[in-house]
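Q: Below you'll find the structure I mean.
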Amino acid sequence: MTAHRRLRLGTRLALGLGALALLVFAVVGTVMATSMHGYLTRKLDDQIQQNQAMQEKDIAKYGDVKKTTYGWYTAIYEVENGEVKPKSVNDLPQDAEDLSDVAKSVRGSTAVWETVHLRGEGTYRVRACPMQEDLVLVSAAPTSELNSTVNQLVLVEIATFVAALIALVVVGRTVLRRGLQPLSDMANTAHDITSHDLTDSGRLPVRADSTGGGVEVEELRTAFNTMLDHIDQSLAARTAAEQRLRRFIADASHELRTPLTSLRGYADLFRYAAANEPAEREAHLARMRTEAERMSVLLDDLLLLARLDSAEVETPLRLDDVDLVELAGESADAFRTAHPGHPLTLRAGPDPVPLRADPMRLRQVVDNLLTNVAVHTPAGTEVELALSRLPGEVVLRVTDSGPGIAPEDQARIFDRFYRVDDSRTRHRGGSGLGLAVVSSLVTAHGGTVELASRPGRTAFTVRLPA
């Protein structure tokens, strides 16, 4: 059984077909031989019956059998009181007891057929028919030619079936191997995958490209390639996620290292240079507080993004009824106070715009969008905060007349730690988390945020379900 399992599928199928064919050949051969034997037996019986009909005429005319067939035995028996004795002993074999038994078995006017074996003579087909005056005519015809014919037929069948069986196994194995070649190609493709380094690669450049094999193999090939496409997409997503994670860790480390370095430097200055200078000491303490606050804001943003990423486990939003007009007015007032160099225009209708949202997080979205304008546009840039209500949604748009954002930066503007100015200078630009927080918060509210920018006009459009 173990050796059979080690054989290739084509060989196993060919052997299975051969075993099935052998069974079919055996059944067909048996049926043919049995049918031929029965047919020849019936022909011999007809000859015996016709021969006895002629012999009955001779007996009626001459009182004895005048003509017999060569190789046959013919005898007339007298049956009296259950006793049987031959009337003529000239045409009987040496072992005539079986013929006497057949003659004794005759009852009434019905003929009796038997197949008997005579010692030293072979097998004979015997017919005993009753005649007048308690006489029984018995004729025995040898079946040697009949058996020889059947045996010859069996030998021919065996030779033919063996040749056909060998041809079936050989040709069937070849045909099956050719038909199963697409499966071998797919197996080679699967083995080829192991030769590729998938550690840092996001692509799986192997597919089952062979053709043929029928509908079933084509379905298997399609499913196999679909599986490879899915694996390819999963590898690409995993690689992209790992790259984003590495970039995130690097950027977060850099952003956290900068205020920590500043804190350490100011602490050293405070210890060595400001012991007798209260004014300088207070300045160093103020700078240390500023750096600590900036690091706290960065950590808060990172924690918020982490909670938004795991929103399925723990929702970071506390929904309440919010008037978006009132919220936008508060944010606009705070912006005018903090950035007087950027004139802000608030466009909102007189009616309130109710919304089901987290007021603190929604305020953070508006503040981040306005702060982004103040940081990345020169003083004097006009800013507009507009609100509108459409069927089924609320639209909040922040527009500025600044220099715009380059097309190559627009695709990544909402990525975490991505900044248009990559010099990491502190006089311009923040940590690169502001717009990432905006995108994540808007998505958590079931909305979308879009960017449209060209020189002289940049618009961030937030759409939230009403």
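The values are calculated or read from the model by the stated rules, or taken from the named source; none is laboratory data. Since we're looking at a predicted model, the values are computed, not measured. A quick note on method: Cβ atoms are made from the backbone with ideal geometry, for glycine too, and the neighbour counts reach across all protein chains shown.
Q: Do we find a residue being crowded, with 17+ Cβ neighbours inside 10 Å, more than 25 Å from Arg42 (Cα to Cα), touching a Gly at 6+ places or on another chain (Cβ under 8 Å) and at pLDDT 80 or above anywhere in region 153-161?
A: Within region 153-161 (the criterion being crowded, with 17+ Cβ neighbours inside 10 Å, more than 25 Å from Arg42 (Cα to Cα), touching a Gly at 6+ places or on another chain (Cβ under 8 Å) and at pLDDT 80 or above), the answer is yes, since at least one residue qualifies.
Q: Need pairs with beta-carbon distance below 7 Å; first residue farther than 27 Å from Ser144 by Cβ and within region 68-84, second part of a strand (DSSP E or B); sequence gap 6+ or separate chains.
A: So the pair list comes out as Glu78/Lys85; Glu78/Leu135; Val79/Val136.
Q: OK, next. Here's a check for you: in region 355-367, which residue that is of a type in the set (Lys, Arg) and either in contact with a helix residue (DSSP H, G or I) (Cβ under 7 Å, 6 or more places away or on another chain) or assigned to a helix (DSSP H, G or I) (or both) is surrounded by the fewest Cβ atoms within 10 Å (Cβ to Cβ)?
A: Restricting attention to region 355-367, the residues satisfying the condition of being of a type in the set (Lys, Arg) are 356, 361, 363.
Subset that is either in contact with a helix residue (DSSP H, G or I) (Cβ under 7 Å, 6 or more places away or on another chain) or assigned to a helix (DSSP H, G or I) (or both): 361, 363.
Values: Arg361: 20, Arg363: 17.
Here the answer is Arg363.
Q: Given Leu370, Leu396, Leu385, which one is at pLDDT 90 or above, assigned to a strand (DSSP E or B), touching a helix residue (DSSP H, G or I) at 6+ places or on another chain (Cβ under 6 Å) and under 26 Å from Gly456 (Cα atoms)?
A: On the way: Leu370 fails: assigned to a strand (DSSP E or B); Leu396 fails: touching a helix residue (DSSP H, G or I) at 6+ places or on another chain (Cβ under 6 Å).
Every option except Leu385 fails the conditions.
Q: For region 1-116, list the helices (runs of 4 or more DSSP H) that sit wholly inside it and hold at least 1 residues that are among the aromatic types (Phe, Trp, Tyr) and at pLDDT 80 or above; which are they?
A: Working: elements: 2-6, 9-62, 97-104.
Those helices (runs of 4 or more DSSP H) span 9-62.
Q: If you go through region 27-82, how many residues are loosely packed, with under 14 Cβ neighbours inside 10 Å and in contact with a Leu (Cβ under 9 Å, 6 or more places away or on another chain)?
A: The number of residues fulfilling the criteria is 1.
Q: Under 48 Å from the mean Cα position of the chain (by Cα) and within 23 Å of Leu298 (Cβ to Cβ), is that true of Val365? Quick ask: steps written out before the conclusion?
A: On the way: under 48 Å from the mean Cα position of the chain (by Cα): yes; within 23 Å of Leu298 (Cβ to Cβ): yes.
Yes: the conditions hold for Val365.
Q: Scanning for something assigned by TED's automatic domain parsing to the domain that holds Leu137 and touching a helix residue (DSSP H, G or I) at 6+ places or on another chain (Cβ under 9 Å), does region 91-99 turn up at least one residue? Steps first, answer last, please.
A: Quick first cut of region 91-99, residues assigned by TED's automatic domain parsing to the domain that holds Leu137 only: 91-99.
Those still in the list that are touching a helix residue (DSSP H, G or I) at 6+ places or on another chain (Cβ under 9 Å) too: 92-93.
Yes, that holds for at least one residue.
Q: Next question, about the same structure. Return only the number of the condition from (1) within 25 Å of Ala374 (Cα to Cα); (2) surrounded by fewer than 16 Cβ atoms within 10 Å (Cβ to Cβ); (3) modelled with pLDDT under 90 that Leu304 does not satisfy.
A: Of the numbered conditions (1) within 25 Å of Ala374 (Cα to Cα); (2) surrounded by fewer than 16 Cβ atoms within 10 Å (Cβ to Cβ); (3) modelled with pLDDT under 90, the odd one out for Leu304 is (2).
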